[in-house]
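Okay, structure first, notes after.
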Amino acid sequence: FNLRQDWDARVQRLESFKVLDGLEATTFLTAVTLLASYETSKTIKSAVSCKRKDVLKLPLDSYKAYADRIEKGLVLASRFLAREKVFDSRSLPYSTQLIPLSAICAVLGDRFDQDAIRNRISQWLWSGVFGELYGGASETRFAMDLPDVVAWIDGGEQPRTIRDSSFAPTRLLSLQTRLSAAYKGLMAMLMKSGCDDFLSGDAMEINDYFELSIDIHHIFPKKYCEDRKIQRKFWNSVVNKTMLSARTNRIIGGNAPSEYLKKIEVDSSMSSERLDEIVATHQIKPEHLRGDAFQEFILDRSSDRKSTRLNSSHVSQS
C-alpha cells in the first residue's frame, strides 16, 4: 500500500471543489484519525483524540477503514459550505474546521441531507467562527466537536463549542482584514441574508456562480475617507465593507456614496426606490449613503441590532 499514491488520487478527486483547494495531507490524516478514534470510543469507551501523536500512531488498517468515509465527508462538507455561502478556500473562515466538519458529515452519512440536521451543523459552525475558537492548536476541540455535535443531533446537550462562543459588536472595528475568521464569516452571513449587487441587483451567489469577480469592497471609499481625515480604524473595518462585483466597484471608485448611487441609477436606468431596496439588503440604511453620513452609518451598522440580525439564526438557536 502506497500512502502517497493514495493521497494523490484523493486530491485529484477532491480538487474540483473550490473550498477544498489547498487541502493538506495532515488535515486529511487528522480527520481520519478523529473518525477512527470516535468509532473506537463507542466500543471500548476510550477518549476521542486526534493529536499529532495519535495521527502518527494511526494503524494502516484504520486508515483503510475510514479514509473513504472522510473523503465522502469532505464532499458533503463542501456542499454544506456552499449552502452557507462559503464557495472557495479563500472565503473559508477556518480551514482547520474542515477536520471536525468532515468527520461529522462522515458519521451522519445519508442523514446529512435532513434540513433540521444541517441547521444544527450551521449553528455549530458559525458559533466556532464568531467565537474565534479555532485560531490555535484545536485538536482538543475537534475531539469534543465530533461526539458533541452527533449527540446533540440525536437529542443530547448543546455542544460545548456553542456554549463557549461569544461575539461582542465592539469586536467589529478590529476586524480589518481577511486574516480574521470572523471577518470572512460576516461576509458569508451577508450573502446568506440575501445581499444583492448594487448595479445588477443579482444575488451574490449568482454572481459567484458565473464568476463575475465578486469581492469585498469599501462602502465609503478609501480615498473619500482619507480626504476627510476619517480614522483608518473606522473606514477600514469590516463595518465599512461588503460584497460587490468588480464592475460595481469601478463605478464607486473614490466617490462619495451620494455620487456613486446617482451614477448607478443613471448607468443602469434604476429607480432610487429600487436601489434603496438593494442597499438595504447589505444591512445599510440608504439615507446614510445618500447623505454621506459616515458617522451615523458606522454607528448603525455596528449596532447590537445589526450584528444580531446577521448571525442570530446561527449562533442563538437552541
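The values are calculated or read from the model by the stated rules, or taken from the named source; none is laboratory data. If you're wondering where the values come from, they're calculated on a predicted model, not measured in any experiment. In this analysis, Cβ positions are derived from the backbone assuming ideal geometry, glycine residues included, and neighbour counts consider all displayed protein chains. All accessible areas refer to the heavy atoms of the entire protein, side chains included, with ligands and DNA or RNA removed. Shrake-Rupley method; radii C 1.70, N 1.55, O 1.52, S 1.80 Å.
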Original post:
Filter region 196-210 for residues that are open to solvent by 10 Å² or more (accessible area, probe 1.4 Å) and either acidic (Asp, Glu) or not in a loop (DSSP other than H, G, I, E, B) (or both); which is modelled with the highest pLDDT?
Top reply: ASP196
Original post:
Only one of (1) over 28 Å from ARG171 (Cα atoms); (2) in contact with a helix residue (DSSP H, G or I) (Cβ under 7 Å, 6 or more places away or on another chain) fails for ARG274. Which number is that?
Top reply: (2)
**OP:** Among what's in region 19-35 and is part of a helix (DSSP H, G or I) and not β-branched (Val, Ile, Thr), pick the residue that is nearest to the chain's Cα centre (by Cα).
**Re:** LEU20
**OP:** Answer yes if at least one residue in region 237-253 is buried (at least 19 other Cβ atoms within 10 Å of the Cβ), over 23 Å from ARG178 (Cα atoms) and hydroxyl-bearing (Ser, Thr, Tyr), and no otherwise.
**Re:** no
Subject >> Selection from region 28-52 of residues that are in contact with a helix residue (DSSP H, G or I) (Cβ under 6 Å, 6 or more places away or on another chain) and either under 21 Å from PHE87 (Cβ atoms) or among the aliphatic types (A, V, I, L, M) (or both) >> reply: LEU29, ALA31, VAL32, LEU34, LEU35, ALA36, VAL48
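Condition check ((1) among the aromatic types (Phe, Trp, Tyr); (2) part of a strand (DSSP E or B); (3) modelled with pLDDT under 95; (4) under 27 Å from LYS85 (Cβ atoms)) across all residues:
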site	(1), (2), (3), (4)
PHE220	yes, no, no, yes
TYR224	yes, no, no, no
ARG250	no, no, yes, yes
GLU259	no, no, no, no
ASP276	no, no, no, yes
LYS306	no, no, yes, yes
**OP:** Look through region 86-96, keep the residues that are out of contact with any Gly (no Cβ under 6 Å at 6 or more places or on another chain) and assigned to a helix (DSSP H, G or I), and return whichever of them is nearest to PRO159 (Cα to Cα).
**Re:** THR96
Original post:
Under the condition of being of a type in the set (S, T, N, Q) and touching a residue at least 60 places away in the same chain (Cβ under 8 Å), which residue from region 1-35 is surrounded by the fewest Cβ atoms within 10 Å (Cβ to Cβ)?
Top reply: THR27
Original post:
Counting only residues that are part of a helix (DSSP H, G or I) and out of contact with any Lys or Arg (no Cβ under 9 Å at 6 or more places or on another chain), which one in region 7-18 is nearest to PHE87 (Cα to Cα)?
Top reply: LEU14
Subject >> Any hit, region 268-285, residues being over 29 Å from the mean Cα position of the chain (by Cα) and within 30 Å of LYS18 (Cβ to Cβ) >> reply: yes
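So is ASP145 under 19 Å from the mean Cα position of the chain (by Cα) and without any contact (Cβ under 8 Å) to a residue 60 or more places away in the chain or not?
Answer is yes for this residue.
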Original post:
Scanning region 36-81 for residues that are in contact (Cβ under 8 Å) with a residue 60 or more places away in the chain, open to solvent by 40 Å² or more (accessible area, probe 1.4 Å) and in a helix (DSSP H, G or I), which turns out nearest to THR140 (Cα to Cα)?
Top reply: ARG52
Subject >> Hits in region 170-183 (condition: open to solvent by 30 Å² or more (accessible area, probe 1.4 Å) and either modelled with pLDDT of 90 or more or in a helix (DSSP H, G or I) (or both)) >> reply: THR170, ARG171, LEU173, SER174, GLN176
**OP:** Can you tell me which residue among SER193, SER213 is among the polar types (S, T, N, Q), within 17 Å of LEU81 (Cα to Cα) and at pLDDT below 90?
**Re:** SER193
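Go through region 278-297 and report how many residues are open to solvent by 40 Å² or more (accessible area, probe 1.4 Å), over 20 Å from ALA203 (Cβ atoms) and either part of a helix (DSSP H, G or I) or basic (Lys, Arg) (or both).
Step one: of region 278-297, the residues open to solvent by 40 Å² or more (accessible area, probe 1.4 Å) are 280, 285, 287, 290-292, 295-296.
Filter once more, keeping what is over 20 Å from ALA203 (Cβ atoms): 285, 287, 290-292, 295-296.
After this cut, where a residue has to be either part of a helix (DSSP H, G or I) or basic (Lys, Arg) (or both) as well, the list is 285, 287, 290, 295-296.
Matching residues across region 278-297 total 5.
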